[in-house]
1. Over segment 1-124, with every protein chain in place, what whole percent of the accessible area is carbon and sulfur at 1.4 Å, could you tell me?
2. Loop by DSSP (not H, G, I, E, B), at most 14 other beta-carbon atoms within 10 Å: where is the longest site-free stretch of the chain for trypsin sites (Lys or Arg not before Pro)?
3. Under 16 Å Cα-Cα from residue 81, which aspartates and glutamates qualify once same-chain neighbours fewer than 8 residues away are excluded?
4. Using only Cα atoms, find the angle between the long axis of helix 131-146 and the longest principal axis of the chain, and express it within 0 to 90 degrees, rounded to the nearest 10.
5. Counting pairs of Cα atoms in segment 74-131, how many percent are more than 18 Å apart?
6. To the nearest 10 degrees, how steep is helix 116-128 against the longest Cα principal axis of the chain, on a 0 to 90 scale?
7. So if I take the centroid of the Cα atoms in segment 89-123 and the same for segment 31-46, what is the distance between those two points in Å?
8. Under a 10 Å cutoff between Cα atoms, tell me which one of 122, 93, 48 has the largest fluctuation in the Gaussian network model of the chain.
Amino acid sequence: VFLWQGGLGLPDRDYYFLDDPSTKRIREAYPGHIAAMFRLMGEGEERARRAAEAVLEIETRLARASRTLEELRDPYGNYNKMSLEELSRLAPALDLPGQLARMGIPPVDSVVVGQPEFYASADSAFTSLPLEAWKDYLRWGLVNAFAARLGSSFDRQDFAFYGTLLNGTPRQRPRWKRVLDAEED
């Protein structure tokens, strides 16, 4: 069982901190994109804005604890074998051994934690941020993961941010081609 850093809506941690014009433009547009998706989920303007702020706060904390792309290239530094007891001490509030069991993963005596500091920081955020913020974060994660497969409003908003703004793709491929790609995958 391998546990790895994650949970970011932007491609990697640097998007949350670099100040070059391109990255800054993407980072400034990101809360608006999140809020737009919450509005599509049925939230009002103010509630969508607050939810976007909560998501961004959690993601920024996770990004701060994440390793850089260069640090992730170190195979030895990202292989930290530990027992379930050590894992429980690392992130007690996250109850990772209990979560593994609830996911139906057969009992193991050890796991590999790629970035232990990430899990310690996530554990701290889990206990210090309000439950409502975590609910917003989880709703966002679910909708963000499946936006291209939801209704056309979600798909258009998702493509406008990730396809056009982030990747520079001016026009989305026709739906029938995307459906075939998904089937082939």
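1. On segment 1-124, the fraction of accessible area on carbon and sulfur atoms equals 55 percent.
2. Result, exposed sites excluded: 74-170.
3. The qualifying aspartates and glutamates are 109, 117.
4. For helix 131-146, the angle is close to 60 degrees.
5. 36
6. Result, in degrees: 70.
7. So the separation of the two Cα centres works out to 32 Å.
8. Of 122, 93, 48, the Gaussian network model singles out 93 as fluctuating most.
The values are calculated or read from the model by the stated rules, or taken from the named source; none is laboratory data. No experiment lies behind these values; they were computed from the predicted model shown. FYI the Cβ positions are ideal-geometry reconstructions off the backbone, even for glycines, and counts take in every protein chain you see. We work out accessible area using only protein heavy atoms, side chains counted, and drop any ligands, DNA or RNA first. Shrake-Rupley method; radii C 1.70, N 1.55, O 1.52, S 1.80 Å.
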